[in-house]
1. Can you find, within segment 23-49, the residue that is surrounded by the fewest Cβ atoms within 10 Å (Cβ to Cβ) among those that are among the small types (Gly, Ala, Ser) and part of a loop (DSSP other than H, G, I, E, B)?
2. Here is a check on your reading of the model: is residue 19 out of contact with any helix residue (DSSP H, G or I) (no Cβ under 9 Å at 6 or more places or on another chain) and under 15 Å from residue 55 (Cα atoms)?
3. Would you check which residues across segment 5-22 are surrounded by fewer than 14 Cβ atoms within 10 Å (Cβ to Cβ), free of Cβ contacts under 8 Å to residues at least 40 places away in the same chain and not β-branched (Val, Ile, Thr) and list them?
4. Looking at residue 83 and the list (1) more than 22 Å from residue 10 (Cα to Cα); (2) in contact with a Pro (Cβ under 7 Å, 6 or more places away or on another chain), which single condition is not satisfied?
5. Suppose the filter is part of a loop (DSSP other than H, G, I, E, B) and either at pLDDT below 90 or of a type in the set (S, T, N, Q) (or both); does residue 99 pass it?
6. Kindly list, by first and then second residue, each pair from a residue in segment 58-70 that is in the same structural domain as residue 32 (by TED's automatic domain parsing) to a residue that is of a type in the set (Lys, Arg) and surrounded by fewer than 15 Cβ atoms within 10 Å (Cβ to Cβ), limited to pairs with Cβ atoms under 8 Å and residues at least 6 apart or on different chains.
7. Report, by residue number, each residue of segment 27-50 that is over 14 Å from residue 12 (Cα atoms) and small (Gly, Ala, Ser).
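The values are calculated or read from the model by the stated rules, or taken from the named source; none is laboratory data. Because the structure is a prediction, the values reported are computed rather than measured. Glycine also receives a Cβ, built like all others from the backbone with ideal geometry; neighbour counts cover every protein chain displayed.
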Amino acid sequence: MCTYTTEQRAISGSGKGAGGWFALSTATVYFDHPVHAQAEHTLNIDFADPARGPAARVAVELTAESACALVGAIRAALAAVPPGLTGLDAPGEPSSEPAQPLADRTPLPTGG
């Protein structure tokens, strides 16, 4: 069963695709049928710069278990760094201002 639940956030970073490195401005996260991964459903993350078109996209398909492990690894890595280096309010915790969804952008198509 697909939920069609999609979360999209503005991000700041870089990704590497077939054409080299490019800036990233959005992350779209959804749970759906994968295109390539050998699983019934996966947590899919599209890192992209929609202004540059479909070539400026890095797609990731993770099992639910792997996605949870990745969240834990990200939190642990950020918690190990002094807040002065990350700009976060506390080690491994996001700033007190919640991330805002991108209401004015069309989500990337999902596979499934």
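1. By that ranking, first place goes to 39.
2. Yes, satisfied.
3. 12, 13, 14, 18, 19, 20, 21
4. (1)
5. Yes.
6. 58/16
7. Residues satisfying the conditions are 37, 39.
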